[in-house]
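K.L.:
Quick one: the structure is below, and I'll ask about it shortly.
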């Protein structure tokens, strides 16, 4: 029997420290992503630990101390039905999401597999594959396309549609639209924003694209030195007096459409 998901889901980092053989990366990170609450943007210079944080939240990297939990349970220890609920209820999209192992795999096959995972995890699923593609700006005829024939931008769109296919409670995105052209990126962001609001999905979006962050995320956290050093709206965060924040604000102010 499928395990019923809770009315509200939470993916949380509590005092996370983590790293690799060459040294620590995260130095005490606290963060909560809650379904039904506004999306959170995760920004900061390259190499400060944004992807490492996401790996720990996903359970693919164990913290050296602190905990990453999904609905109160450590993600690295989830097994059996609890693991299925996590897989369907908390979806992660990164560059690895576009890996194509079977050259015969089609777009429709990938979306149907995600729908199957949703049912196993007890997630409601009444979104047709064509609807999933429409959210990311792709027409229905893409369903029959082999994944290997898609461009990088098209693969990213399908990966995002696949992440949405389980109607997740939590969605964690790491540079989800970096290969998509800017005009299409804005249209997808607006469509995605409507779906996130409609379904009450809690979102963490890690990106260097501040226009995308500004379009999707009313709340922003800035990472530097393996810690979160600022929280607030994007303009509020970029106004904080911190050397890494000043560098980012100065490098984007002239080129960005955002008004600070």
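K.L.:
Please report 22, 247 as a ranked list, fewest other C-beta atoms within 10 angstrom at the top and most at the bottom.
P.N.:
Values: 22 6, 247 12.
Fewest-to-most ranking of 22, 247: 22, 247.
K.L.:
With the Cα gyration tensor of the range 151-206 giving a ≥ b ≥ c as the square roots of its eigenvalues, does the rule (a/c under 1.5 for rounded; else a/b larger than b/c for prolate; else oblate) give rounded, prolate or oblate? Please report the intermediate quantities before stating the final value.
P.N.:
Values: a/c = 1.86, a/b = 1.53, b/c = 1.22.
Verdict is prolate for the range 151-206.
K.L.:
Among 134, 118, 224, which one moves the most in a GNM of the chain with springs linking Cα atoms closer than 10 Å?
P.N.:
134
K.L.:
Now, a different point. Can you give me the distance in nm between label points at residue 20 and residue 112, each placed 7 Å from the Cα along the Cα-to-Cβ direction?
P.N.:
If labels sit at residue 20 and residue 112, their model points lie 3.8 nm apart.
K.L.:
Follow-up question, since we're still on this one. Decide, for the range 134-255, between rounded, prolate and oblate: order the square roots of the alpha carbon gyration tensor eigenvalues as a ≥ b ≥ c, take rounded if a/c falls under 1.5, and otherwise choose prolate if a/b is larger than b/c, else oblate.
P.N.:
Working: a/c = 2.37, a/b = 1.82, b/c = 1.30.
Prolate is the answer for the range 134-255, as a/c is 1.5 or above and a/b outweighs b/c.
K.L.:
For the chain, what does -39500 (n - 2.57) per DSSP helix run (n ≥ 4), summed and divided by total residues, give at 222 nm, in deg cm²/dmol to the nearest 500?
P.N.:
On the way: 9 runs with 94 residues, N = 260.
Calculated at 222 nm, the ellipticity per residue is -11000 deg cm²/dmol.
K.L.:
I would also like to ask the following. Which residue, 207, 151, 94, tops the fluctuation ranking in a GNM of the chain built on C-alpha contacts under 10 Å?
P.N.:
Of 207, 151, 94, the most mobile in the Gaussian network model is 151.
K.L.:
Just 195, 177, 234 to compare: in a GNM of the chain, with alpha carbon springs under 10 Å, which one fluctuates most?
P.N.:
Sorting by GNM fluctuation, first place goes to 195.
K.L.:
Among 211, 181, 197, which comes first, second and so on when ranked by fewest other beta-carbon atoms within 10 Å? Present the calculation step by step, with values, prior to reporting the outcome.
P.N.:
Details: 211 18, 181 9, 197 12.
Listing 211, 181, 197 from fewest to most nearby Cβ atoms yields 181, 197, 211.
K.L.:
For Cα Rg over 2.2 N^0.38 Å, one of (i) 1.07; (ii) 0.99; (iii) 1.12 was computed from the structure I shared and the rest are decoys. Which label?
P.N.:
Given (i) 1.07; (ii) 0.99; (iii) 1.12, the calculated one carries the label (ii).
K.L.:
Let me ask something additional. So how much slack lies between residue 102 and residue 46, counting 0.36 nm per residue of separation and subtracting their Cα-Cα distance, in nm?
P.N.:
Values: separation 56, 0.36 × 56 = 20.16 nm, distance 3.18 nm.
Net length gain for the segment: 17.0 nm.
K.L.:
Another question, if that's okay. By count of other Cβ within 10 Å, fewest leading, how are 167, 190 ordered?
P.N.:
Values: 167 20, 190 11.
Result, fewest neighbours first: 190, 167.
Every number in this text was worked out from the coordinates using simple rules, so none of it is lab data. Predicted model, so just to flag it, every value in this text is computed and none were measured. With ideal geometry, Cβ positions are generated from the backbone for all residues, glycine too; neighbour counts draw on all protein chains shown.
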